1. Taking only the C-alpha atoms, wrap a convex hull around chain A and report its volume per residue in Å³ as a whole number.
2. According to a simple spin-label model (label point 7 Å from Cα along Cα-to-Cβ), what is the distance in nm between residue A:293 and residue A:120?
3. Using only the Cα atoms of region B:172-213, build the gyration tensor, take square roots of its eigenvalues as a ≥ b ≥ c, and label the shape rounded, prolate or oblate: rounded if a/c is under 1.5, else prolate if a/b is larger than b/c, else oblate.
4. To the nearest Å, what is the center-to-center distance of region A:151-179 and region B:1-65, using C-alpha atoms only?
5. Between helix A:20-37 and chain A, what is the angle of the helix's C-alpha long axis to the longest principal axis, kept within 0 to 90° and rounded to the nearest 10?
6. Compute the separation of the alpha-carbon centres of region B:268-317 and region A:315-337 and state it in Å as a whole number.
7. Report, for the protein assembly as shown, the % of DSSP beta bridges that are antiparallel, rounded to 5.
8. Can you give me the relative contact order of chain B as a percent, contacts being Cα pairs under 8 Å and 6 or more apart?
């Protein structure tokens with residue numbers, strides 16, 4: 001068995017301490033494969049003087065921006081089973097594709113993680129998806145992962161916020177509300193899936209209308225995709241948990257958030273204290289914004305995510321557009337022994353004022369020139 | 001908050017006030033015209049009182065909160081003094097047209113007189129606090145009624161200043177209307193635009209494009225768009241010049257219209273460009289240590305782009321010198337482009353024979369060129385840069401200077417805000 005496969009079958013998904021050597025070996029294995037099969041990655045590795053065995057942080061971190069400008073594949077097209085693009089907040093999209101081996105590792109991970117977080121359930125439930133109804137021609141990762149999440153427990157129904165009607169997506173909040181009202185009277189739990197901002201929008205709207213429901217036991221609010229596109233109305237998480245309790249009768253502990261990206265398809269899941277602990281499949285290096293050198297835990301910097309999960313694309317070490325902090329495990333208190341990642345927000349200085357031509361657009365997230 | 005004929009109103013009264021705006025403007029137009037002296041006296045007295053500390057209780061917390069240095073406040077106040085405004089009037093409007101009639105053989109000579117455009121709608125930008133108020137003062141100097149749409153990032157300074165002007169000279173009240181309307185409220189903006197004879201817009205391409213849509217074909221549009229600036233150096237550029245340029249970059253963090261985005265070197269020789277890049281990199285690093293670090297988000301954004309450029313360097317031919325919170329990108333092309341800001345600039349070749357052609361594509365965006373050269377070539381290069389479309393050619397460290405009486409992006413606002421009427 002390869003080191004990567006061994007890592008993705010590790011029993012305790014948060015045993016980062018016990019998997020250090022295995023992780024490093026799997027990364028080394030992946031780097032060698034990428035260098036041999038993806039000429040561009042081979043060049044990048046050579047340019048920085050090759051890999052350093054035993055130290056994944058020394059592998060060249062590639063900004064997600066690079067994947068948006070260049071499509072890199074390490075396997076022939078016929079081996080690529082699933083193609084996905086990032087949701088592309090600022091226009092450009094990364095093109096990613098995954099082979100069977102990578103997907104299988106992903107599946108092992110999803111199974112371990114969801115079981116650990118009690119998200120796998122034999123009890124059927126109603127899904128409310130605050131996102132796009134799957135439709136041919138919509139390749140964004142969210143519509144796929146959103147759909148994927150509806151298999152954690154058997155689905156009785158799937159209701160979408162954005163429905164495909166007459167060749168276009170339309171917002172159907174009314175349909176969601178009707179479904180919620182009906183479910184509150186039924187025996188089966190519900191699960192909502194969607195961007196936190198959409199979830200908040202739906203809940204606050206219902207609260208304004210004076211709706212107070214008690215969802216069946218086992219109901220959960222699951223959220224993913226971060227807060228992007230909604231910077232202006234950034235909601236305090238506490239406010240969202242309060243709404244869940246008051247509008248749907250769903251307790252704070254049943255509000256679960258996920259984090260991941262097409263460029264780093266690892267399922268980060270919040271602990272009971274709503275922190276994203278690093279699972280064995282992944283490692284995080286926070287880098288200084290000037291030197292790009294790793295900084296100690298507790299210091300904000302650019303977020304570099306590493307995983308040996310994927311063979312089809314060289315995304316073993318990517319640098320996201322986020323500023324974040326890696327906290328020591330013991331600062332959480334939930335009992336998980338791995339450090340946790342706090343995302344502070346996307347880079348881009350909205351508060352700065354400028355009159356240089358194109359600068360405002362650049363700071364907002366465009367390429368600017 | 002809304003300021004309407006000297007009175008402060010709550011934003012909820014917007015639609016009522018918009019309903020009577022046109023008739024109130026017509027009434028003001030029919031009344032006694034405004035003279036520049038009224039405006040100058042009010043501005044001068046306000047500027048003196050601010051400098052004298054009368055508004056310190058409001059101003060100090062504000063200056064601290066946005067870390068605005070005293071020098072910037074002093075420079076801003078300098079624009080509002082009697083001396084500055086009088087000089088501005090004289091320079092921009094020139095000789096009074098009434099002083100010379102137009103001969104008309106066989107008829108009585110034609111009298112000429114300057115009139116305001118009428119009603120001006122100012123769509124202001126938030127890049128400098130108080131600038132929206134200055135735009136209105138310019139409108140007032142030309143005698144106009146002024147409707148001001150505040151920028152979304154306004155911190156209240158403009159409203160305060162304009163309210164105070166009305167308190168000092170009550171005749172100004174009928175000429176000042178300030179609205180806090182978001183850019184997304186198209187219905188209200190259209191209502192304001194309909195009343196206006198001219199729309200003055202400050203901002204980037206997005207704001208200018210939006211204003212073009214807002215303005216009816218018979219409404220004059222005056223745009224103060226965003227600009228790009230750069231330095232032009234010859235082999236004679238001294239370390240002193242380069243230090244002054246580095247200081248200017250660190251002070252403005254390359255965020256201003258007039259901020260240097262990069263250096264063009266008068267050469268075709270990439271070796272010389274590389275050498276200048278290395279030389280400037282050392283100077284920029286040293287200078288940057290004397291300044292507080294740029295915003296972390298700005299630095300992070302630059303770092304991601306620089307890292308991406310490094311990975312692409314094998315194909316682009318660019319070389320990135322990075323460290324100490326700054327960077328210099330040595331690039332083989334001659335395109336004027338935005339830098340990664342915050343102390344990250346480029347150095348490119350641009351021989352003087354190719355200057356006109358290289359800058360043609362940036363028409364309308366060109367503003368300041370800092371010129372680093374030997375004294376004997378200064379005249380020739382200044383003329384060349386002017387012909388290429390630049391409107392300010394300065395010393396290396398002077399690119400972002402603000403002087404009362406300076407033209408704005410090559411234009412005199414007071415002329416744009418008024419018209420000449422010929423009378424038989």
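1. Numbers: hull volume 58.2 nm³, N = 369.
In chain A, the Cα convex hull volume per residue is 158 Å³.
2. Rounded to a tenth, the inter-label distance reads 4.4 nm.
3. Working: a/c = 1.79, a/b = 1.57, b/c = 1.14.
Taking the square roots of the gyration eigenvalues as a ≥ b ≥ c, region B:172-213 is prolate.
4. Measuring centre to centre over Cα atoms gives 52 Å.
5. With both axes taken from Cα atoms, the answer is about 70 degrees.
6. Region B:268-317 and region A:315-337 have Cα centres spaced 29 Å from each other.
7. On the way: 50 of 111 bridges.
Of the beta bridges lying entirely in the protein assembly as shown, close to 45 percent run antiparallel.
8. Working: 748 pairs, mean separation 79.2, N = 424.
Result for chain B is 19 percent.
Just so you know, all these numbers are worked out from the coordinates, no wet-lab data involved. Predicted, not measured: the structure shown is a model, and the values here were computed from it. Here Cβ is always computed from backbone atoms with ideal geometry, including for glycine, and neighbour counts include all displayed protein chains.
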